[in-house]
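Enquirer: One structure coming up, written as structure tokens, with questions to follow.
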Amino acid sequence: MINLKTEKIHIKCSDWVWTLFQAIQISIIGLMTWSLLSEDWLKLGFSGQYYDLRWTGSLNSVHKGLGGLKGTSYSDLFKAYCSRSDLSQDIQINESTWCKMFASLWVSEIVYVLFEVVAMLLMVSWTISLRLALKTNKLRRVPGICSANGAWVLHVAGFITWMVLSRANFSGDCNKESDGKSPPKLCALTGPTIALALAIIMPILAISYPFLIRCLTKSVETQSAIPKQPEGKMIEVTV
């Protein structure tokens, strides 16, 4: 016996799948925004015998520590340390390594923000395209697939670039003094952790997207091909 109500049940199941899928899309956009605005991106845990160099920072500025430098952007700190201004004279450290550190943070910030903003716009475009396609029943064209792939590629590229330039790490190795040649190592905090999670989730979502469309639309078409009978009745299939 084949119950013709399975068509309606399958369509409802498909609706639930797409509702969940779009909820994930919106959550990703929210997490991308949260990551950009997070005040906890970096930490330096080294403290000298006569001075305290510990600080935490957001994507673009010092958030806590370094005396009265709270809120100072990495671009301003780069200019200060690299020009040997009064700022670098007051704090007894090797200005050249900190010049390199803030220069790297400034450049990595620019690259990451640029890539991430474009990736967010592509995510929004993908979400809207899918919503419109669901309303007009035009899923065969795989709406927003270019935006989907562009979003995760840009996010991953921006995140990797930021990690390389900033010399940040997730191992907690940020309590050692610089060797005087290379910038000190920094610890990655909340912001990069979210970005790392998204770098894993976004490719999986985008790559599975066309296969999900093909699977669901094919199943609905197969069910729709069965002749309709009055509701509640069953048809017999003899073999």
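Enquirer: For the stretch 109-199, what's the relative contact order in percent, using C-alpha pairs closer than 8 Å and at least 6 residues apart? Don't jump to the answer; show the numbers that get you there.
Expert: Values: 84 pairs, mean separation 25.3, N = 91.
Averaging sequence separation for qualifying contacts and normalising by length gives 28 percent for the stretch 109-199.
Enquirer: Would you mind ranking Ile200, Ile28 so that the residue whose beta carbon has the fewest other beta carbons within 10 Å leads the list?
Expert: Final ranking by Cβ density, sparse to dense: Ile200, Ile28.
Enquirer: For Leu196, Leu77, what's the fewest-to-most ordering of other Cβ within 10 Å of each Cβ?
Expert: Ranked by crowding around the Cβ, least crowded first: Leu196, Leu77.
Enquirer: Sorted from fewest to most neighbouring beta carbons within 10 Å, what does the list His155, His63 look like?
Expert: His63, His155
Quick note: the coordinates plus some simple rules give every number you see, no bench work behind them. In this text the structure is predicted, and so the values were computed from the model without any measurement. Note that we place each Cβ from the backbone using ideal geometry, even for glycine, and neighbour counts take in every protein chain shown.
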